[in-house]
1. Does the range 56-99 classify as rounded, prolate or oblate by the C-alpha gyration tensor (a ≥ b ≥ c root eigenvalues; a/c under 1.5 gives rounded; else a/b over b/c gives prolate, otherwise oblate)?
2. Can you compute 3J(HN,Hα) from phi for each residue in the range 84-95, using the Karplus curve 6.51 cos²θ - 1.76 cosθ + 1.60 with θ = phi - 60°, rounded to whole Hz and x for Gly and Pro?
3. Explain nothing, just compute: Karplus ³J(HN,Hα) = 6.51 cos²θ - 1.76 cosθ + 1.60, θ = phi - 60°, for every residue of the range 72-81 in order, whole Hz, x for Gly and Pro.
4. Hey, can you grab everything whose amide H is under 5 Å from the amide H of I92? Only 5+ residues off in sequence or another chain; H modelled, so Pro and N-termini drop out.
5. Could you give the size of the charge dipole of the range 2-120 about its Cα centre, using +1 on the Cβ of each K and R and -1 on the Cβ of each D and E, expressed in debye and rounded to the nearest 20?
6. Not counting the cut sites, what is the longest span of the chain without GluC sites (Glu not before Pro) that DSSP labels loop and that have at most 13 other Cβ atoms within 10 Å?
7. Within the chain, what is the longest stretch that has no trypsin sites (Lys or Arg not before Pro) placed in a DSSP loop and near at most 12 other beta-carbon atoms within 10 Å?
8. Modelling each spin label as a point 7 Å along the Cα-to-Cβ direction, I'd like the E48/K9 distance in nm, to one decimal.
Amino acid sequence: MTITIYGIKSCGTMKKAFTTLDELDVSYDFHDYKKQGIEKSSIQRWVEELGIDKVLNKRGTTWRKLTDEQKQTADASVDTAIDLLVENTSMIKRPIVEGEVENQSILLCGFDEAEYHKAFS
């Protein structure tokens, strides 16, 4: 089982995800966007599989701080939205959990305890 959890260490939702993975005895690597950044290809892969509406967090303060022009451009173009996510990793919905469990690909976005139990039990 190879799992990577992507996010920001201090995020409350991340802490819930870490706790749940630990309770389920799932080993994982943590990738901190703030310290390590994120590859554009990773975001593109997530958006292709989950959709931009799932990956882009429009409820956070980083999105609200964008200019109206930036928001409109991101809404009009997925490529522009992906570029914004690379530059502003706080706008990526957290956590993203990606990897393989028993030869099954896993890609989870956001935290849903029941979904974690289903994927890792």
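1. On the way: a/c = 2.41, a/b = 1.49, b/c = 1.62.
It comes out oblate by the Cα gyration axes.
2. Calculated HN-Hα couplings, in order: 5, 5, 5, 6, 10, 4, 5, 8, 7, 4, 10, x Hz.
3. Coupling constants for the range 72-81: 5, 5, 5, 5, 7, 9, 4, 4, 5, 4 Hz.
4. Here N57 satisfy the definition.
5. Details: 16 positive and 21 negative charges, 126 e Å.
It comes to approximately 600 debye.
6. Working: sites that count: E39, E102.
That gives 40-101 as the longest site-free run.
7. Details: sites that count: K9, R59.
Result for the longest clean stretch: 60-121.
8. With each label point 7 Å from Cα toward Cβ, the separation is 3.2 nm.
Any read-out appearing in this document is the output of simple, stated calculations on the displayed coordinates, not a laboratory observation. Predicted model, so just to flag it, every value in this text is computed and none were measured. FYI the Cβ positions are ideal-geometry reconstructions off the backbone, even for glycines, and counts take in every protein chain you see.
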